Amino acid sequence: MILDIAWPIALLCVLMVFLGAVVQGTLGIGLGMIASPMLALADRDFIPAAVLIAVIPLSFGVALRERAEIDKRGAGLALLGRIPGVIVGAAAVAWMGPRFLAVLVGVSVLLAVAASLANVRFHPSDRAIFTAGLASGFTGTTTGVGGPPMALTYQHSDPAVMRSTISAFFTVGSIMSIAALIVSGALGTRQWQLAGLILPGVIVGFLVSQRYAHILRDDRARVAILAICAASAIALLVEEFT
């Protein structure tokens, strides 16, 4: 057992986080979508705090690597919008039970998959970016899946701009969410321990993403990744309702 989790399950959690980190290091999002449902199945204490803690070094690494491409105005507007989203999200985490949060994770991932497949076109206007930051603040703080609103807003921008801007947003935004969860009493010693468990997967995934980024831009890889997200989200929902 590792932190009261059977070691094969703990290893699977690290592997899912590794895959999510590779994807996020390449595309700007992916860790929460890919890993959160599996983590919630393994131990509900992973969600949302452990994911938010673990994503900070990944986001910071990507933002630092591509800092010249960051849309500073867009990141600032999104962070301004994130503030009320974080406040409401932290209150929701303190109020909602772990089962409700697990269901919210599954539903959020399925909605993100549907939005990715629909390929809806958004123009990154000031209002759209602010709204995306607000939505990301709420979903990120409650479920650890905060990327899709920002990705939808920036999806038709230059890939480097999207990747770097979202990463800069996540670096600061995740710290904001963690602070709010601490204040609300939803983050304790166990969440820090679980974050430490999956952190090696994050670090290795980031390093791998720098070398094999081109592979994940293939449409077949994108479909496979979305299929993994959907399957894990459905498995989580089935577990909660049976």
Below 8 Å between Cα atoms, with a sequence gap of 6+, how large is the relative contact order for the stretch 7-241 in percent?
38
Per-residue ellipticity at 222 nm attributable to helices in the chain (runs of n ≥ 4 DSSP H, -39500 (n - 2.57) apiece, nearest 500 deg cm²/dmol) works out to -27500 deg cm²/dmol
Dimensionless Rg over Rh [the chain; C-alpha; Kirkwood]:
0.93
Label-point separation in nm, residue 157 to residue 190, each point 7 Å along Cα→Cβ
3.8
Compute the distance in nm between two label points, each set 7 Å from the Cα along the Cα-to-Cβ direction, one at residue 111 and one at residue 203.
3.5
Size of the dipole of the chain about the Cα centre, Lys and Arg at +1 and Asp and Glu at -1 on the beta carbon, nothing else charged, in debye to 20?
400
If I take R0 = 51 Å and measure r between the Cβ atoms of residue 127 and residue 6 in this structure, what FRET efficiency does the formula 1/(1 + (r/R0)^6) give, to the nearest 0.05?
0.60
Taking alpha-carbon centroids only, the stretch 1-80 lies from the stretch 85-101 a number of Å equal to 19
Linear extension gain, residue 100 paired with residue 239, 0.36 nm per residue minus alpha-carbon span:
48.8 nm
Kyte-Doolittle mean at least 1.0, axial Cα span of 15 Å or more - DSSP H helices of the chain
7-27, 31-42, 49-65, 72-95, 98-118, 159-184, 219-241
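Laboratory data are not the source of any read-out in this text; all were calculated from the coordinates shown. Being a predicted model, the structure only gives us computed values, none of them experimental. In this analysis, Cβ positions are derived from the backbone assuming ideal geometry, glycine residues included, and neighbour counts consider all displayed protein chains.
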